[in-house]
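Below you'll find the structure, written out as structure tokens, and then a few comments.
Every read-out reported here was derived from the displayed coordinates using simple, explicitly stated rules and does not represent laboratory data. Keep in mind that this is a model prediction, so the values were computed, not measured. Methodologically, a virtual Cβ is constructed for each residue, glycine included, from the backbone with ideal geometry; neighbour enumeration extends over all protein chains shown.
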Amino acid sequence: MSTPASTSSTSTLASPDIPRGLGQHFLGGAQAAIWHKSAPAKLRRRSAVDPGEAWTVVQEHLAARRRPRPVEKILPAGVESLRWGLAEEDQPEHLAAARSERSARDMERCVLDWLADAPDGDPSVPYAIEALAWAWQLPLLSGKIGAEAWWALVDHLIGEADQAGALELESSPLVHQLLAAELPLVLACVLPELKPTRKLSRPGRNAAARGLVDLLDGEGLPHADWLALLRPLLACWTRCRMVGEHLEGSEGELRKAARTQYEWLVREALRLTRHDGSATFGPRPASGDDAALLEAALRYGGDEHDEDLAALCLPGASKSARREAARYEHPPAAVHSEWAAVAILRPDWERNTPRLGVRYPGDQVGLEFTAGKDLLLAGTWSLEVDVNGQPAQPEGEWEEVCWISDEDVDYLELELEMSQGVRVQRQMLMAREDGFLLLGDAVFAPEGGRLAYRGGLPLADECRYEPEQDSNEGWLRGTKRRGLVMPLALPEWRSLSGPGELQAIDGRLQLSMETDAHRLYAPLWVDLDRRRSAKRYTWRRLTVAEMLEVQPRHVAAGFRVAAGNEQWLLYRSLGPVGNRTLLGHNLVSEMMVGRFDADGEVEQLIEIE
């Protein structure tokens, strides 16, 4: 996978002037080599100091110092802030803060047990969070556990920060950033009196900068493979910014390119926020919503425009704040990144607005569709194509062939090459003012043979499909009916024979079609205006003509959709583009969606030539 930009790899922390085995130096009486000039003078003497006496000095110094401030003064909720954005499976069983009330003996046993259980192989996210929690507790622990256990913990954490630089960023992005970026900065913050920990700030800062630049697309979006990590990564980098404020000078300050990426990420985090405040394509936070995380991120990376957007799209804002925010012009709510293989189709920034999230890494397309407070579609949009009874297999990756976002629509079209010469073009269109969603596949195969298609939209756990009894349409229902689904390629009435069927099977809304032709078009029209679609609605397949000759369905398809008093026209060419007409409307294009005005004229919402 290529990246939009790259910085040099973070080197390990080892160097000749950073001694290894700090505990050995300290307990052996050679303290002067490890202490910075900010440490008490008694510890920096060249002559040996009795370890017991030196340990008392360390304890007294760490207990009495005013700087740096304790974790509760740096992170909003202390070490509990380490839980921000984490999925249930990534939550550590116990954070070190929960052990702080233990007796000295129990606390030392906890430390030693944790060190004994440290993984020999690749570290996990819960382990990395625990390491950060222990790092924050180091000053407090000096007064609760013995010198040997304390120095063993310090040495271990420094070693983890050192070794993390060798982890693959793209294969373990969150663990890499927690241990290679955040952990060094925390150690530099809590123990600036030690030369080795003080020198960790620069490699930690560089690792954070590398993560921000290499894991994001240049405008704040992570790649689709890492999209579920958007909130945990945002949390890590936000804590890095918080810690950086408490490091001396500019040691914790990120480079401009990294700061810019962080600022863009904050906006993308707002854009990819569900009605309940959780992240699109992400897990429901185990510790509740991420309000504290987003509040902190806005403080460190947002601007006045982001504050307005937050009032519109996050839960908890007052009506007056939303009204005030709605007065201003806002950046586009929709976004697409070809590098990230991610798109968000949404008309505006309002919290209740319908939005379609799309991720298409490799040969899979993932969807997340919400309307109001209901999550309706969540998972992989499946695809099966058979030619003469033989299944076609993907032979490439989904690639974007068209992205349009204007005042009328957001439109994304993807293409996939398959075996047996099959090619599939997948359409997703969100109409801003007209309130409908169009999802469709156009399938192209070599001439000769029977073509079978099955496309399955993933129904969310909290959504069910309610089919009509006598007709082929049905409703997507969450807490209420949210969308009327019309399979345009099928006849409206079940009593009429058609090329396929639409039904809910094993958690999917599956559209199946078969044809003796070598091309087919399988569109689903979802009317999102419940008041409109509760009235009379219908659809019809239209005759398409070229040079006064009716064109077969494998050459071009046309449809009329009506809901209430509104009507639309949909056209899709499947063969070579020609000069064609339907309902008296002349077209020389590949695809067109338009609205009928009061005079019966068609106002184009989108046309692709």
Q) Taking 0.36 nm per residue of separation and subtracting the Cα-Cα distance, what length does fully extending ASP597 through GLU384 add? A) 72.9 nm
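Note down the magnitude of the dipole of the stretch 501-609 about its Cα centre, charges +1 on Lys and Arg C-beta and -1 on Asp and Glu C-beta and zero elsewhere, to the nearest 20 debye.
On the way: 14 positive and 16 negative charges, 92 e Å.
For the stretch 501-609, the charge dipole is close to 440 debye.
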Q: Note the angle between two axes, namely the Cα long axis of helix 51-64 and the longest principal axis of the Cα atoms of the chain, as a number of degrees from 0 to 90, rounded to the nearest 10.
A: 50 degrees
Q: At q = 0.16 Å⁻¹, what is the base-10 log of I(q)/I(0) for the stretch 66-326 according to the Debye formula with one equal point scatterer per Cα and no solvent? Please give it to two decimals.
A: -1.19
Q. Normalised by the number of residues in the stretch 111-267, what is the relative contact order in percent for Cα pairs under 8 Å and 6+ residues apart?
A. 21 percent
(Q) Taking the 0 to 90 degree range and rounding to the nearest ten, how far is the long axis of helix 104-116 tilted relative to the main principal axis of the chain, both from C-alpha atoms? (A) 60 degrees
Q) With axes computed from alpha carbons, what is the tilt in degrees of helix 291-301 against the longest principal axis of the chain, rounded to the nearest 10 within 0 to 90? A) 80 degrees
Q: For the stretch 39-172, count the residues as N, evaluate 2.2 N^0.38 Å, and divide the Cα radius of gyration by that value, please.
A: 1.15
Q | Average Cα contact separation per residue, the stretch 506-585, under 8 Å, 6 or more apart, as relative contact order % | A | 29 percent
Q: Starting at the first residue of the stretch 541-557, write each ³J(HN,Hα) from the Karplus equation 6.51 cos²θ - 1.76 cosθ + 1.60 with θ = phi - 60°, in whole Hz, x for Gly and Pro.
A: 7, 9, 7, 10, 10, 9, 6, 6, 10, 5, 8, x, 5, 7, 9, 7, 10
Q: List the pair-distance distribution P(r) of the stretch 335-533, using every Cα-Cα distance, as the percent of pairs falling in each 5 Å bin from 0 up to the bin containing the longest distance, rounded to whole percents.
A: 1, 8, 16, 20, 20, 17, 11, 5, 2, 0
Q: Please identify which residues in the stretch 482-517 have an amide N closer than 13 Å to a label point set 7 Å out from the Cα of GLN420, following the Cα→Cβ vector.
A: 514-517
(Q) I'd like the Karplus ³J(HN,Hα) series for the stretch 513-530: coefficients 6.51, -1.76, 1.60, θ = phi - 60°, whole numbers in Hz, and an x wherever there's a Gly or Pro. (A) 9, 9, 7, 7, 7, 9, 9, 8, 10, 10, x, 10, 9, 10, 7, 9, 9, 5
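Please give the charge dipole size of the chain, origin at the Cα centre, charges +1 on K and R Cβ atoms and -1 on D and E Cβ atoms. Round to the nearest 20 debye. Before the final figure, lay out each step's value.
Values: 68 positive and 93 negative charges, 458 e Å.
Its charge dipole is roughly 2200 debye.
How high is the FRET efficiency from ASP406 to ILE505, r the C-beta distance, R0 56 Å, rounded to 0.05?
For ASP406 and ILE505, the calculated efficiency is 0.95.
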Q: Jot down the radius of gyration and Dmax of the stretch 255-349, Cα atoms only, both in angstrom.
A: 13.4, 38
Q. Taking the highest mean first, how do the peptides 475-481, 372-378 order by number of other beta carbon atoms within 10 angstrom per residue?
A. 372-378, 475-481
Q) Here are some pairs, LYS37/LYS256; LYS480/LYS535; LYS42/LYS73; LYS73/LYS144; LYS42/LYS195; LYS144/LYS199; which of them have Cα atoms lying more than 23 Å apart in this structure? A) LYS37/LYS256; LYS42/LYS73; LYS144/LYS199
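Ordered by packing density, taken as the mean number of other Cβ atoms within 10 Å over each peptide's residues, highest first, how do 501-508, 355-362 rank?
Values: 501-508: 15.5, 355-362: 22.2.
For the peptides 501-508, 355-362, the packing ranking is 355-362, 501-508.
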Q. Long-range amide H contacts for LEU509: which residues qualify at under 5 Å (H placed 1.01 Å from N, peptide plane, sequence gap of 5 or more or a different chain)?
A. LEU457, LEU459
Q. Under 5 Å between amide H atoms, partner at least 5 residues away or on a different chain: which partners does LEU169 have, H built in plane at 1.01 Å?
A. none
Q | the chain: relative contact order as a whole-number percent, Cα under 8 Å and 6+ apart | A | 8 percent
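At a Förster radius of 30 Å, what calculated FRET efficiency corresponds to the Cβ-Cβ distance of ASN586 and GLU447, to the nearest 0.05?
Details: r = 28 Å, r/R0 = 0.94.
The value I calculate is 0.60.
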**Q.** Binned Cα-Cα distances of the chain, short to long, each 10 Å bin given as a whole percent
**A.** 3, 15, 23, 19, 15, 11, 7, 4, 2, 0, 0
